[in-house]
Amino acid sequence: MATIEPLREDVAHPQQVKKNSAGLRFWHWANAIVISGSLITVLINSTLLKRNNISTVIADQLKKGGLNANADQVNSIGHALSDKVWDIHVYFGYFLAGLLLFRLVLEFFQLADQKFIRRFKLAYTQFKETKKNRELARHELAVKTIYALFYLVLITIVLTGLFLAFEDLMAPYKAIRHSVKEVHNFCMYLILAFIAVHLIGVFLAERKDDGKGIVSDMINGGGGSI
C-alpha cells in the first residue's frame, strides 16, 4: 500500500516539502469538484432515474393527481427527465475539457522544479542511476506513474465525451459511436478506481509523521522544511 501514498518530500531535496503552484492547486480542487459532479449525474441516471424505477414513480404520481397515462407517455416523461440530467453531465464534461486544457498549458508555465514531467524524469533517473535516496525515488516513481496513467485516462474520457457530445458533427464516424461510448464508460470506472486509490493513499500518508500535512500543502502551496 505504501506505493500509493503521495509524498510530501521533494525527490531532489528530501528535507524539503514539495511546492504546489496556485495554478496547480486550483486545477486539483476544481477538477475534483467537476469530476464529482459528473459522476453524481451518472449515479442519478443509473439509480433514481433508471427506466423501471422512474416510470413506476411517475405513473403513481399521475394517478394520485387523477391523471391516467399510458406506458409510452410515462416512459416519455421519464426519458425527458433523464435527458435533463445528461445535459448537466455534458456541461460538466465541457468544464472538464477546459480544465484539462488548462492543465496542459499550465505545465509549460510551471517553474522547472514543479513540472510534472521533470519530477517524473528526476525520480526515474535517481532510481536507475544512483543509490542516493533510491527508496524515495522508487516511491515517487510509482506514485507519478499512477498520476501519468490518470492523465491518460482523463484525456481519453474527455476526447470520447466530446465525440459523443458532438455526435451530429461526427456523423461520418457514426459506425464507431458504440465503441467510443464503451471506452468512455470504461474510463469512468478507471477514474473511480483512481479516486479510491488516491483517497486511500492520502489517508495513509496523513497517518505518518513524514506525510502529515499533505492535504494542507495542496491548499496553501507547501514548501519549507519537513
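The values are calculated or read from the model by the stated rules, or taken from the named source; none is laboratory data. Note that the structure is predicted; figures quoted are calculated from it, not measured. Note that each Cβ is placed from the backbone with ideal geometry, even for glycine, and that neighbours are counted across all protein chains shown.
A compact table of results
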item	result
Any chance R119 is in contact with a Phe, Trp or Tyr (Cβ under 6 Å, 6 or more places away or on another chain) and either at pLDDT 90 or above or closer than 24 Å to L24 by Cα (or both)	no
Qualifying residue in segment 114-124 (condition: of a type in the set (A, V, I, L, M), crowded, with 18+ Cβ neighbours inside 10 Å, touching a residue at least 24 places away in the same chain (Cβ under 8 Å) and within 26 Å of G222 (Cα to Cα))	yes
Residues satisfying the stated conditions in segment 158-216, i.e. more than 22 Å from A32 (Cβ to Cβ) and in contact with a Ser or Thr (Cβ under 8 Å, 6 or more places away or on another chain)	V180, K181, V183
Residue satisfying condition, being part of a helix (DSSP H, G or I) and in contact with an Asp or Glu (Cβ under 8 Å, 6 or more places away or on another chain), within set K212, K208, K174	K174
Residue count, segment 160-217 (criterion: small (G, A, S) and either on the phi > 0 side of the Ramachandran plot or loosely packed, with under 13 Cβ neighbours inside 10 Å (or both))	7
Residue within segment 28-35 that is among the small types (G, A, S), at negative phi, in a helix (DSSP H, G or I) and modelled with pLDDT of 85 or more present	yes
Selection status of A123, in contact with a Leu (Cβ under 6 Å, 6 or more places away or on another chain) and not in a helix (DSSP H, G or I)	no
Segment 43-76: number of residues that are among the hydrophobic types (A, V, I, L, M, F, W, C), surrounded by fewer than 17 Cβ atoms within 10 Å (Cβ to Cβ) and either part of a helix (DSSP H, G or I) or in the same structural domain as M188 (by TED's automatic domain parsing) (or both)	4
Tally, over segment 15-42, of residues that are surrounded by 14 or more Cβ atoms within 10 Å (Cβ to Cβ) and either basic (K, R) or in contact with a helix residue (DSSP H, G or I) (Cβ under 8 Å, 6 or more places away or on another chain) (or both)	19
Tally of residues being among the small types (G, A, S), surrounded by 16 or more Cβ atoms within 10 Å (Cβ to Cβ) and at pLDDT 95 or above across segment 82-104	2
